[in-house]
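In what follows, a structure is listed as structure tokens, so that the remarks can point back to it.
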Amino acid sequence: MGHILCFQYSGKLLNQFYFYTPLPENIEEPWKIVVIDALVKMTSLTSFGRYLICKHFLLVCCYPFYEPISDENVTVMDTNFTDIPVRLYLPKRKSKSQRRAVIFIHGGAFVLGSCKQKAWDFLNRWTANRLGAVVVGVDSLYQFPVSYEDAMSPVKFFLQDKILAKYRVDPSRICISGDSSGALLATKATQLVQNDPKFKNKIKAQALIYPALQIVDTLTPSYREYAHGPILPMDFAIKIGSLYLSKDKALFQAFRENQHMPHGSRHLFTLVNWSTLLPEKYRRNHIYTEPILGRHNFSYPLLLDSRISALLVNDSQLQSLPLTYILTCEHDILRDDGLVYVSRLRNAGVNISHDHIEDGVHGAISLMTIPFYLRVGIRIGEKYISWLDENL
Ligand SMILES: *[C@@H]1O[C@H](CO)[C@@H](O)[C@H](O)[C@H]1NC(C)=O
Ligand SMILES: *[C@@H]1O[C@H](CO)[C@@H](O)[C@H](O)[C@H]1NC(C)=O
Ligand SMILES: *[C@@H]1O[C@H](CO)[C@@H](O)[C@H](O)[C@H]1NC(C)=O
Ligand SMILES: *[C@@H]1O[C@H](CO)[C@@H](O)[C@H](O)[C@H]1NC(C)=O
Ligand SMILES: *[C@@H]1O[C@H](CO)[C@@H](O)[C@H](O)[C@H]1NC(C)=O
Ligand SMILES: *[C@@H]1O[C@H](CO)[C@@H](O)[C@H](O)[C@H]1NC(C)=O
């Protein structure tokens with residue numbers, strides 16, 4: 001059975017090679033990117049039903065699960081915070097002072113589902129090792145709004161005095177991080193904790209790696225330029241994004257044409273308007289077009305929801321945000337989500353560091369281990385961890 005599936009998939013894979021679009025010149029290790037790109041495109045070609053099979057294929061072959069194996073420096077263990085599985089990385093080195101802590105929410109949207117997968121296990125272990133910090137890898141099921149609640153509840157749990165004391169964490173040195181869709185959840189968790197007086201312990205820093213921050217506008221310059229990949233083609237991203245809402249094909253099509261927003265939502269576009277919020281360098285010669293509203297009037301409240309489009313919060317909710325690190329990759333449809341958030345946070349007076357990786361591709365930080373090892377992934381991991389080490 002496995003072999004038959006493999007044959008089918010390699011057929012698809014070959015097709016993808018055949019139709020593959022040339023990569024930009026500044027990309028390192030292009031053939032590796034082509035293979036990963038082809039795997040993703042293969043998934044996006046399938047119908048919603050077969051999509052699940054492909055998801056499992058990607059999961060098992062490319063993102064294997066990894067046991068909680070302790071090493072000489074870090075004790076690794078799986079436990080549950082509230083009902084949500086988390087993986088804890090506890091440094092063994094004796095330390096007189098309390099430790100820093102990083103809560104990491106992994107990306108991968110619907111395709112990949114656990115902090116226990118090798119890619120994120122590697123990153124979190126590396127973070128704990130380098131920083132001597134307690135790292136909490138949070139599992140997330142990614143079924144909105146369940147994913148939102150799933151990601152928030154372990155954060156709330158961890159921030160309690162008694163839990164921080166149990167792991168000897170310094171309450172004034174906690175960071176929330178995430179990549180891609182996990183960075184959306186990290187963004188929301190930070191917005192929540194900083195703005196809600198119920199949280200006594202606040203966040204010192206947030207670190208967002210190529211965050212996905214809005215589903216309002218699918219015609220930003222980066223959506224236009226990188227619609228066909230590499231790694232995250234628009235159809236794939238939209239398929240994943242619209243699955244949050246429904247399996248309605250009309251919605252999927254409307255997203256592709258940027259005609260999905262209902263009548264009366266124009267005011268929301270001010271908060272994501274790339275024409276005013278994107279630096280000149282990235283606007284290039286793209287012409288801003290006014291959104292087409294009310295073509296369908298879908299009744300999906302999530303289209304207007306700031307839990308799924310974190311950019312939709314107003315400036316007064318941004319002012320309370322902590323020290324922020326945002327990393328964007330050039331070759332990424334989500335590039336402008338990150339860049340627009342950088343502008344919004346700067347305008348709101350938040351202390352922000354921004355790294356833009358000119359030869360970066362979406363997903364690179366989860367591509368640091370065999371079989372998909374990318375040097376640019378290691379470079380991004382190194383930048384993220386160095387920033388944490390200096391600022392947390
Ligand atoms: C443990 O820490 C030491 C000193 O920082 C380092 O040289 C070693 O590579 C680390 N071990 C692992 C498994 O990462
Ligand atoms: C975590 O909870 C799940 C059920 O939600 C349970 O199956 C699992 O055994 C628990 N894990 C631990 C380490 O307690
Ligand atoms: C976006 O900004 C441009 C100015 O650069 C403005 O003309 C346009 O009306 C704005 N669009 C929306 C929906 O706010
Ligand atoms: C959407 O709603 C607006 C206002 O209620 C209406 O003018 C418009 O015709 C509607 N569009 C469709 C396709 O029904
Ligand atoms: C910002 O949004 C919050 C929450 O939705 C709301 O309570 C507040 O009044 C808004 N502030 C401004 C200035 O619009
Ligand atoms: C921003 O944060 C960094 C690191 O914590 C600090 O060194 C710097 O002075 C801050 N900048 C501003 C403008 O507050």
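Annotations for the structure displayed:
- Counting beta carbons within 10 Å around each of VAL313, VAL102, VAL35, VAL74 and listing the fewest first gives the order VAL35, VAL313, VAL74, VAL102.
- Database remark: amide H of HIS331 closer than 5 angstrom to the amide H of GLY360 (H placed geometrically; neighbours at sequence offset of 5 or more, or on other chains; Pro and chain starts carry no H).
- Over 27 Å [Cα-Cα, the chain], rounded percent: 47 percent
- Separation of region 351-385 from region 227-251 is 23 Å, based on Cα centroids.
- Residue exposure sequence - SER299, SER153 - by fewest surrounding Cβ within 10 Å: SER299, SER153
- Largest mean-square fluctuation among ASP150, ASP121, ASP305, in a Gaussian network model of the chain whose springs join Cα atoms under 10 Å apart, belongs to ASP305.
- Counting other Cβ atoms within 10 Å as a rough exposure proxy, the listed residues LYS249, LYS92 run LYS249, LYS92 from fewest neighbours to most.
- What you get for the chain, charging only the Cβ of Lys and Arg (+1) and of Asp and Glu (-1), is a dipole of about 920 debye around the Cα centre.
- Per residue, the average separation of C-alpha pairs within less than 8 Å and at least 6 apart gives the chain a relative contact order of 16 percent.
- Helical content of the chain, expressed as a calculated mean residue ellipticity at 222 nm, amounts to -12500 deg cm²/dmol (DSSP H runs of 4 or more residues, -39,500 (n - 2.57) each, divided by residue number, nearest 500).
- Computed from the alpha carbon positions, the gyration tensor of region 250-392 leads to an equivalent ellipsoid with semi-axes of 30, 20, 15 Å, biggest first.
We did not get these values from a lab; they are worked out from the coordinates using the rules stated. All figures in this text were calculated on a predicted structure; none of them were measured in a lab. All Cβ positions, glycine included, derive from the backbone under ideal geometry; neighbour counts span all protein chains shown.
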